[in-house]
Amino acid sequence: MESPANSVRSKDPPRRGGRFLWREVAAWLAAAPGLGVLVAWAAVVAQEYFAPLILFPVLVGVGLGALAVGLIRIVPLGNRLTAVLGTILAASVAIGGQHYFSYITAVEATDQQDDMLRIVRRAFPDLVGQRMADSPRSVFDFLHKQADAGRPIGAAGRRLQGGWVWASWGFDGLLVLSAALAMVVPAVWLPYCDRCRSWYRVIRSGRIPGRAAVRLASLVDLEMDPPPRGVHYRLLACVGGCGPTAFELSWEAAAGDTLAARMWLGPADRDRATAALDEEV
């Protein structure tokens, strides 16, 4: 095992987030609204079967965020601000789209009802009077009628009315947006390599015993006193392996606090650290 005197040398970390490139920004901002429409449609279909209060908008946001992260990787998009703004745009479309698709569903249901009534009226003109319900004239008319009718909460038959319904819709929207950003922000907070246009990813991780971790930590000029019971390590690199490699150690101190350290390694030092890991694991 290497001694501290022969420890690896720390490199400068890569930049966090990529450059602002118009072609990537245009692709992402063009795709984000479509992603919101897709999630909105899926949410309206799913809520017919499962739509618990609070949990449902959170699940919608998590699904939107997961799809956004995948799309960011596919584009690939390296600019953080653009990724966050695109996610906000997608979430806004998803939030409004759920109400719009619900409105379309209500219009179609009313039209189908009218068709049935016309058939029955021709057969039994004395038994059927006027249409049972007016079709909403617009999405805003639909929302006002929904608010006036109330929104059920809980299993006891209680309902929100009027302004409280609008407030609940706003709260649902905040949950969707928050859950989506909770997925996207950590994903784009990783380092980014502008050379191979890829986000850093974990290429190796695991746990090593405490005393072995002390010897490994000495390789990166890190002291662990007293030796912890166990240490978790990670190696992170870009897809092309063209940037420095992140070597991370985390462990629980005697006081119960979680401690962590990160060192950026060049190719030669990365190979030495990997060889040291192979000896200890």
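For trypsin sites (Lys or Arg not before Pro), the sites in the range 201-233 that DSSP calls loop and that have at most 16 other Cβ atoms within 10 Å are 229. Applying 1/(1 + (r/R0)^6) with R0 = 25 Å to the Cβ-Cβ distance of residue 178 and residue 234 gives a FRET efficiency near 0.35. With a cut-off of 14 Å on the backbone N, the residues of the range 187-210 near the modelled label site 7 Å out from residue 19 along Cα-Cβ are 193-198.
Highest average first, the peptides 72-79, 158-165, 270-277 ordered by how many other beta carbon atoms sit within 10 Å of their residues are 72-79, 270-277, 158-165.
Computed from the C-beta positions of residue 53 and residue 138, the FRET efficiency with R₀ = 41 Å rounds to 0.95. The alpha carbons of the range 160-209 give a radius of gyration and a Dmax of 19.6, 61 Å, in that order. The dipole here belongs to the range 196-280: it is taken about the Cα centre, uses +1 on the Cβ of Lys and Arg and -1 on the Cβ of Asp and Glu, and is about 380 debye.
Note on residue 153 and residue 30: the extension gain reaches 40.6 nm, defined as 0.36 nm multiplied by sequence separation minus the Cα-Cα distance.
Based on the alpha-carbon gyration tensor of the range 196-280 and its eigenvalue square roots a ≥ b ≥ c, which shape applies: rounded if a/c is under 1.5, prolate if not and a/b is larger than b/c, or oblate? Taking the square roots of the gyration eigenvalues as a ≥ b ≥ c, the range 196-280 is prolate.
Look at the dipole of the range 183-281 built from charges on Cβ: of 190, 232, 247, the Cα furthest out on the positive end belongs to 190.
No lab work stands behind these numbers, since they all come straight from the coordinates. These figures come from a predicted structure and were not determined experimentally. Neighbour counts are summed over all protein chains in view; Cβ atoms, including those assigned to glycine, are modelled from backbone coordinates with ideal geometry.
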